[in-house]
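**Q** Before anything else, here's the structure in question.
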Amino acid sequence: MTAHREPRRRLVLAGVMGSVFLGAMESTVVATAMPTVIATLGGIQIYSWVFSGFLLASTVTMPLWGRLADQLGRSLGRLRVEKVDVYLLHNPEYFFTNASKRCKGASLETLRDQFYDRIQRAFSHLEDEVRRGRIGFYGVSSNTFGALASDPEATSLERMWTIAGEVAHDHHFAVVQLPANLFESGAMLTRNNVTGTRTVLEFAREHDLAVLINRPLNAFYREQLIRLAAAPVRSIAMTREIHTRVDPFLPPAYRTESLSRKALAVLTNTQGVTCVLNGMRHPNYVDDSLGALRSPPFDVDVHLYEAFNHM
């Protein structure tokens, strides 16, 4: 009997190890390495292919990952803690890419109804996890919070807030995360909430939602990657143009700083932004980032972001 079960036990162990490996790859390697990968392969036009391959692997192993409860339980075990302060649903908009292939002919409205039904079920479960004491608050990390409402993969912060209120009157939906930088400013400029009258940052501020900004120095703009930091020789002209456009909106104390410090300072001083997340692979990255916080705070004019829409 023991000999019969041993191969099966090994198979289960291999499956679990594979799913944990993919989860670790997504959170620690794929997102961090993408800007370098895209620059090496030759352009943002192949960006979707990298994630398509990763999503295929993720989809194949989804039965092994199990439900949110299982994922959270494993995470708590690895961290050796009983509770996390904030739990984020990561890039749920990938549902649209997958569903559009599986449900050919389905209308965008139908796909959106399915998407938000899944959000509702996820939020309901996360409220249960709050009551169990395993998480303090929850939120959503989405690349398309700032997209136009007509974008097939757009995610609506307003609709998620409404769903959270339907799930629980005193809900714990408290945090959103999205990419933003000088060139990707949908969260600051695109009015895609409250019937087109509020931006994501305005809506978040009105509802006391914390906003985390990721990818502050890696901008994807017009099918190219723009690195808002020390530039290679071929990008010197572009770097000078960025300095020229941003400097008039900065206090004099900032105008002699590096491009990366300027870019970080603009985001950290933008009204509605709670925290800017930046990679820290090297000590000089840390020193450079801290330099953006040493000068006095200032109010960011949204026209600064508009100046880069026409570059």
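The values are calculated or read from the model by the stated rules, or taken from the named source; none is laboratory data. Please read these numbers as outputs of a predicted model, since none were measured by experiment. Cβ: placed from backbone, ideal geometry, glycine included. Neighbour counts: every protein chain shown.
**Q** Taking the conditions exactly as written (more than 30 Å from Y138 (Cα to Cα) and out of contact with any strand residue (DSSP E or B) (no Cβ under 8 Å at 6 or more places or on another chain)), does R245 satisfy them or not?
**A** yes
**Q** So, one more: Tell me, which helices (runs of 4 or more DSSP H) lie completely within region 204-311 with 2 or more residues that are at pLDDT below 90 and surrounded by fewer than 16 Cβ atoms within 10 Å (Cβ to Cβ)?
**A** So the answer is 236-246, 283-294.
**Q** Okay, next question. Looking for whichever is surrounded by 20 or more Cβ atoms within 10 Å (Cβ to Cβ) and touching a helix residue (DSSP H, G or I) at 6+ places or on another chain (Cβ under 8 Å) here; the options are V194, V176. Which one fits?
**A** V176
**Q** OK, next. Can you name every residue in region 256-284 that is touching a His at 6+ places or on another chain (Cβ under 9 Å) and within 15 Å of A180 (Cβ to Cβ)?
**A** Within region 256-284, K262 is the sole residue that qualifies.
**Q** Among the numbered criteria (1) in contact (Cβ under 8 Å) with a residue 12 or more places away in the chain; (2) at positive phi, which single criterion is violated by G105?
**A** (1)
**Q** Which of the numbered conditions does E129 fail, given that it passes all the others? Conditions: (1) farther than 30 Å from L304 by Cβ; (2) of a type in the set (D, E); (3) without any contact (Cβ under 8 Å) to a residue 12 or more places away in the chain.
**A** It is condition (3) that E129 fails.
**Q** Could you tell me which residue of region 137-163 is surrounded by the most Cβ atoms within 10 Å (Cβ to Cβ), considering only residues that are more than 30 Å from G105 (Cα to Cα) and either among the aromatic types (F, W, Y) or free of Cβ contacts under 8 Å to residues at least 60 places away in the same chain (or both)?
**A** Y138
**Q** Okay, next question. Among (1) in contact with a Pro (Cβ under 6 Å, 6 or more places away or on another chain); (2) surrounded by fewer than 22 Cβ atoms within 10 Å (Cβ to Cβ), which single condition is N181 missing?
**A** Evaluating N181 over (1) in contact with a Pro (Cβ under 6 Å, 6 or more places away or on another chain); (2) surrounded by fewer than 22 Cβ atoms within 10 Å (Cβ to Cβ) leaves (2) as the failure.
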